[in-house]
Amino acid sequence: MHLSLQKFFSFLFVTLYALFPLNTTTAFAQVATGKEAILEERYPQPEVKFAGGVTGLPDLTYSFIPGYRALKLDLYLPPGQPTGARPLVVYVAGGGWAADRPRNAGAIEDFPDVFAGLARKGYVVASIRYRLSGEAKFPAAEHDTKTALRWLRSQAAKYGIDKNRVVIWGSSAGGQLAGLAAVSCGDAKLAPPQATGSGATKVPEESDCVSGAAIWYGIFDFTQMGAPPPPPNANPANANPNAAPRPPGGNVTFLGCQAADCPDQARAASAVAHIDANDPPFLLIHGSADRVVNVKQSQIMHD
């Protein structure tokens with residue numbers, strides 16, 4: 001006997017229903033009211049299990065601004081039930097402000113396992129996405145970084161986060177965003193604005209201050225970018241004096257201008273322009289032969 005595909009699925013559904021009757025009193029049978037409730041997609045939050053009992057919660061939405069993609073983060077929770085509030089580490093990925101890389105970094109093969117390793121030590125770890133330079137110019141990505149900090153604090157009770165022990169960590173372009181966030185605590189000019197429009201999420205009324213910052217090869221002064229050092233053992237005599245200048249870097253796209261042509265914008269995006277005695281401690285890590293970001297950037301921040 002040959003059944004049509006439609007009849008087959010009808011038969012399958014009837015059989016399953018007979019074996020496993022649907023409980024119409026569950027949440028799936030609740031009547032939605034209001035346009036937003038009806039249109040909202042609902043599905044259980046997936047969990048990823050890492051070694052040592054760490055739980056990963058990927059793609060949690062922390063912000064939605066109409067006209068842009070939803071901004072999400074990955075959360076890594078320590079093993080077991082929290083017995084108290086735990087410190088939070090927030091990672092801001094690099095990528096020249098033009099690439100979305102919250103799950104990888106440089107030569108590290110399995111970056112999520114690095115985050116999970118921190119979580120195994122008792123830290124709650126978040127790795128965030130933000131608007132890229134092709135989507136919006138500065139200060140959009142900085143607003144997103146601060147919004148993520150505020151959102152995570154607003155979820156402190158749910159995820160066992162200590163609001164008073166928050167450290168930000170960033171690399172390269174993400175180091176610029178993380179470093180600026182660390183030194184601009186309470187700066188009204190860089191505070192994330194409330195978005196408007198259908199479906200816009202609210203920026204939580206929480207602090208975006210941090211207790212410390214760990215920055216890998218970050219950009220701290222857009223007015224002093226300079227060229228990276230030559231490769232080791234390079235022979236200056238072989239340099240071509242007629243070579244075309246290097247094209248503008250990602251910083252031009254990020255700022256929306258050449259730093260020399262928009263000094264106010266360049267200073268606003270530079271952590272060194274916001275330093276004061278109230279800033280948290282910094283850990284700066286930068287290779288002296290870095291071929292992408294000149295090591296002088298970290299030296300300027302240190303000095």
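Any read-out appearing in this document is the output of simple, stated calculations on the displayed coordinates, not a laboratory observation. The shown structure was predicted, so the numbers you read here are calculated from the model rather than taken from an experiment. A quick note on method: Cβ atoms are made from the backbone with ideal geometry, for glycine too, and the neighbour counts reach across all protein chains shown.
All other residues with a Cβ under 12 Å from the Cβ of Pro204 taken together, and with Lys, Arg as +1 and Asp, Glu as -1, what is their net charge?
Here the charged neighbours net out to +2.
Round to a whole angstrom and tell me the spacing of the C-alpha centers of the range 275-303 and the range 173-227.
Value for the Cα centre distance between the two parts: 16 Å.
Which value, in debye to the nearest 20, gives the size of the charge dipole of the range 69-216 about its Cα centre, when Lys and Arg are +1 and Asp and Glu are -1 at the Cβ?
240
List the residues whose amide H sits under 5 Å from the amide H of Gly212, counting only those 5 or more places along or on another chain, with H placed 1.01 Å from N in the peptide plane.
Ile168
Just to confirm a number: summing +1 for Lys and Arg and -1 for Asp and Glu over residues other than Lys121 whose beta-carbon lies under 15 angstrom from that of Lys121, what do you get?
In short, +1.
Quote the FRET efficiency, to the nearest 0.05, computed for Asn164 versus Thr83 with a Förster distance R0 of 22 Å and r equal to the Cβ-Cβ distance.
Efficiency computed from Cβ-Cβ geometry: 0.85.
On a 18 Å Cα-Cα criterion, which of the cross-link pairs Lys72/Lys121; Lys72/Lys146; Lys121/Lys146; Lys189/Lys296; Lys49/Lys163 come out too long?
Listed pairs above 18 Å: Lys72/Lys121; Lys121/Lys146; Lys189/Lys296; Lys49/Lys163.
Would you work out which of Thr147, Gly160, Thr196 lies farthest towards the positive end of the dipole of the range 132-202, given +1 charges on the beta-carbon of Lys and Arg and -1 on that of Asp and Glu, about the Cα centre?
Value computed over the given set: Gly160.
If a paramagnetic tag sat 7 Å from the Cα of Lys189 along the Cα-Cβ line, which residues of the range 249-277 would have the backbone N under 18 Å from that point?
Residues passing the 18 Å test: 255-277.
Roughly how many nanometres apart are two label points built 7 Å out from the Cα toward the Cβ at Ala70 and His302?
The modelled label-to-label distance comes out at 4.3 nm.
Show me 181-187, 154-160 ranked by packing, highest mean number of other Cβ atoms within 10 Å first.
Details: 181-187: 20.3, 154-160: 14.9.
Peptide ranking by packing, descending: 181-187, 154-160.
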